[in-house]
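Comments concern the structure below.
The values are calculated or read from the model by the stated rules, or taken from the named source; none is laboratory data. Since this is a predicted model, take the numbers as computed values, not measurements. Positions of Cβ are generated from backbone atoms using ideal geometry, with glycine treated the same way; all protein chains shown enter the neighbour counts.
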Amino acid sequence: MSNLLKHPRCELNHPMVVRRSQFGKFFGCLKYPSHKSVVNEPRCINNHIMALRKNKKTGQEFFSCIKWQQCTAPTFGFEESPKWYIAKLYKEFNVEQAGETSNPTPFQTSNPFYVEYNNFLTSKKNLGQQYLDEQRKNLQKERLVKDSTQFEEELDDNDDLWDKKFTERFRKLQLTEDQINEYHRLMNSSYGYNQLVKVSDNSLKDYLSDSITHRSTTTLKELKVSNYGPLTPRDKDW
């Protein structure tokens, strides 16, 4: 069994390895710092919620799919690895990449809602950069500040529109307040959003409930310190 199969993948399909912060253990992208992606609770290769468990004989922690009776996805060890193992994993991944003909595209989905939202995010990013490039070339500093403020106000209007769309979506799906907060928490990271777009509307309520139930101790400590409250789509950190 390849060592690569023992590790979750980030949204760019890079292996993730166990690291440690002041709040506890987490999975971080193998290619850090060139790519930053962090996750406390990985999903299995079939995008099911995973639960943190402990081997009774060795005492080591690992994540396994909560649907293990129907899902054959491998488990992911949740112990820090020595440097020699990380180096070996890097070599295996380089070999895998050399054999690939195309790079994975994150946030792929067939859900019309996310397709539209992804198009909005891409357009917002492209227009924002284009606008700033043009203003730097053509306008004096005083005019730039004034027009930049106007442009930001237009973007805020679009963000408000999408806030309303998300609110309406939550109402139609009959999500509880806790489920909505969990949705926003997951959406606040690139990894979490990459998994959310793969979840069907019919399965979303159960997915969010299971995600709440299986929060890791690291997540709970982070939420306690940050005084976690409701977020909106614009709060994403990616």
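Residues that are at pLDDT 85 or above and closer than 28 Å to Tyr207 by Cα are absent from the range 82-105. Scanning the range 91-110 for residues that are under 28 Å from Leu186 (Cβ atoms), part of a helix (DSSP H, G or I) and not acidic (Asp, Glu) yields Phe93, Gln97.
With Lys172, Lys164 as the choices, which residue is farther than 21 Å from Leu12 by Cα, at pLDDT below 95, outside the structural domain of Lys67 (by TED's automatic domain parsing) and exposed (fewer than 11 other Cβ atoms within 10 Å of the Cβ)? Give the derivation first.
On the way: Lys172 fails: at pLDDT below 95.
It is Lys164.
Taking the range 14-73 on its own, how many of its residues are part of a loop (DSSP other than H, G, I, E, B) and surrounded by 13 or more Cβ atoms within 10 Å (Cβ to Cβ)?
First, the residues of the range 14-73 that are part of a loop (DSSP other than H, G, I, E, B): 14, 22-23, 30-37, 40-42, 44-48, 55-60, 66-73.
With the extra rule that they be surrounded by 13 or more Cβ atoms within 10 Å (Cβ to Cβ), the set shrinks to 14, 23, 30-32, 35-37, 40-42, 44-45, 47-48, 66-68, 71, 73.
Of the residues in the range 14-73, 20 are part of a loop (DSSP other than H, G, I, E, B) and surrounded by 13 or more Cβ atoms within 10 Å (Cβ to Cβ).
When you scan the range 71-80, do you find a residue that is of a type in the set (S, T, N, Q) and at pLDDT 90 or above, even just one? Within the range 71-80 (the criterion being of a type in the set (S, T, N, Q) and at pLDDT 90 or above), the answer is yes, since at least one residue qualifies.
Taking the condition closer than 28 Å to Tyr183 by Cβ and either surrounded by fewer than 16 Cβ atoms within 10 Å (Cβ to Cβ) or out of contact with any Gly (no Cβ under 7 Å at 6 or more places or on another chain) (or both), does Pro82 pass? Give the derivation first.
Numbers: closer than 28 Å to Tyr183 by Cβ: no; either surrounded by fewer than 16 Cβ atoms within 10 Å (Cβ to Cβ) or out of contact with any Gly (no Cβ under 7 Å at 6 or more places or on another chain) (or both): yes.
For Pro82, the condition - closer than 28 Å to Tyr183 by Cβ and either surrounded by fewer than 16 Cβ atoms within 10 Å (Cβ to Cβ) or out of contact with any Gly (no Cβ under 7 Å at 6 or more places or on another chain) (or both) - is not met.
Close Cβ contacts (under 8 Å, 6 or more residues apart or on different chains) running from residues in the range 58-75 that are within 18 Å of Arg19 (Cα to Cα) to residues that are outside any loop (DSSP other than H, G, I, E, B) and of a type in the set (Ser, Thr, Tyr) comprise Thr75/Ser64.
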